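K.L.:
Provided herewith is a single structure, encoded as structure tokens, for subsequent inquiry.
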Amino acid sequence: MLRTMPRVVFLDRASLKANVRKLSFAAEYVEHDTTGIDDIVPRLGGAAVAIVNKVPMRAQTLRWLPQLKMIAVAATGYDVVDVPYCKEHGIAVANIRNYAVHTVPEHTFAMILALRRNLLAYRQDVENGVWNRAEQFCFFNHDIGDLYGATLGIIGEGVIGQGTAAIGRAFGMQVLFADHPPPRAADVEFTPLDQVLARSDVVSLHCPLLPSTRNLIGIDAFKQMKHNALLINTARGGLVDEAALVQALDQGLIAGAGFDVLTSEPPRDGHPLLDVRRPNFILTPHIAWASDGAMQFLADQLIDNIEHWAAGKPQNLVT
């Protein structure tokens, strides 16, 4: 519990388009729209609480911040934080839970529907005058697949994966959850990963980025997938070997892909996926999470996390 008025600093406020309510306790509250690596320590000087979304909080930075007592992550993923260092030095780390349970699954299915029905390809044809020259009322230049009766493979059975599964079942899809080492969610039937890859018409990623999941989907995984399958990634860019994805698309190992994330964000020095200009690939700028409702829910829980910690009743801790 805090006994003096703490300094609370939000290092990348511009990453959250929502109202951040005033703290319920007396505090010096400071916001910075963005923060570069070299500015982290000066801006957090004397701060007890740091609020970050994507600003990296590594050991080499944290060692210069002995007064820091809490890191409130304005996201579910906390791979930007050196959690072992925080645990060793008594720095509480709290993240956001269950805030994107609708927006990410909806974005996932927006991509699935667009790709499965080849909407981008048909739209491109219309823009190029193909319809104007058609000999009948429509044309069939691209395959159109139903979701009903198709198999949806999900890697990651958290609330977002479960939300995606619910939409899939509503479309009449069979849902498979990929097995993985513990801990696993209760009451979920799991299927070996290689079978999920081989049987699924759509593979959707909803797992965290960990050393064990980095490049989980590489060229070997693509070779196990159906040639008419789709890969959707609205989780983390590092889950997929991006060079292997380009190869898979070029060689027709899969039918298409929809990505909302890249390994490096923003891609300031270019990125191989930025150069993939084809109607069976969709790339959006990490906005699957960013519906207005989801962002406000996040902002409210962010302040809840800080207030609970300050009151000595911490919630949503990852350390």
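K.L.:
May I ask you to order 277-284, 311-318, 136-143, 228-235 by the average number of other C-beta atoms within 10 Å around their residues, highest value first? Before the final figure, lay out the partial values.
P.N.:
Values: 277-284: 16.0, 311-318: 13.0, 136-143: 9.9, 228-235: 24.9.
So the order, starting with the most tightly packed, is 228-235, 277-284, 311-318, 136-143.
K.L.:
Quick one: what are the phi-derived ³J(HN,Hα) couplings along region 301-311, Karplus 6.51/-1.76/1.60 with θ = phi - 60°, whole Hz, x for glycine and proline?
P.N.:
My calculation for region 301-311 gives 5, 4, 5, 4, 4, 5, 5, 5, 5, 5, 7 Hz in order.
K.L.:
For region 103-283, I need the span (max minus min coordinate) of the C-alpha atoms along each principal axis, in Å, sorted largest to smallest.
P.N.:
57, 42, 30
K.L.:
Still on this structure: Could you give each residue of region 288-296 its phi-based ³J(HN,Hα) in whole Hz, using Karplus coefficients 6.51, -1.76, 1.60 with θ = phi - 60°, and x for Gly or Pro?
P.N.:
The phi angles translate into 4, 7, 9, 5, 4, x, 5, 5, 5 Hz.
K.L.:
Given the rule -39500 (n - 2.57) for each run of at least 4 DSSP H residues, summed and divided by the residues of the chain, what is its mean residue ellipticity at 222 nm, to the nearest 500 deg cm²/dmol? The partial results should precede the final answer.
P.N.:
Details: 10 runs with 90 residues, N = 319.
Counting only the DSSP helices, I get -8000 deg cm²/dmol.
K.L.:
Another question, if that's okay. Over the chain, what number does the Rg to Rh ratio reach, with both radii from the alpha-carbon atoms and Rh per Kirkwood?
P.N.:
1.03
K.L.:
Same structure, new question: Can you tell me the FRET efficiency between GLU28 and SER212 if r is taken as the Cβ-Cβ distance and R0 is 41 Å, rounded to the nearest 0.05?
P.N.:
The calculated FRET efficiency here is 0.55.
K.L.:
Quick one: Karplus J couplings for region 98-114, per residue in order, coefficients 6.51, -1.76, 1.60, θ = phi - 60°, nearest Hz, x for Gly and Pro?
P.N.:
So the J values, rounded to whole Hz, are 6, 8, 10, 5, 10, 5, 5, x, 5, 5, 4, 6, 4, 5, 4, 5, 4.
Taken together, the values in this text are just the output of simple stated rules run on the coordinates, not laboratory data. Please read all numbers here as calculations on a predicted model, not as lab measurements. Positions of Cβ are generated from backbone atoms using ideal geometry, with glycine treated the same way; all protein chains shown enter the neighbour counts.
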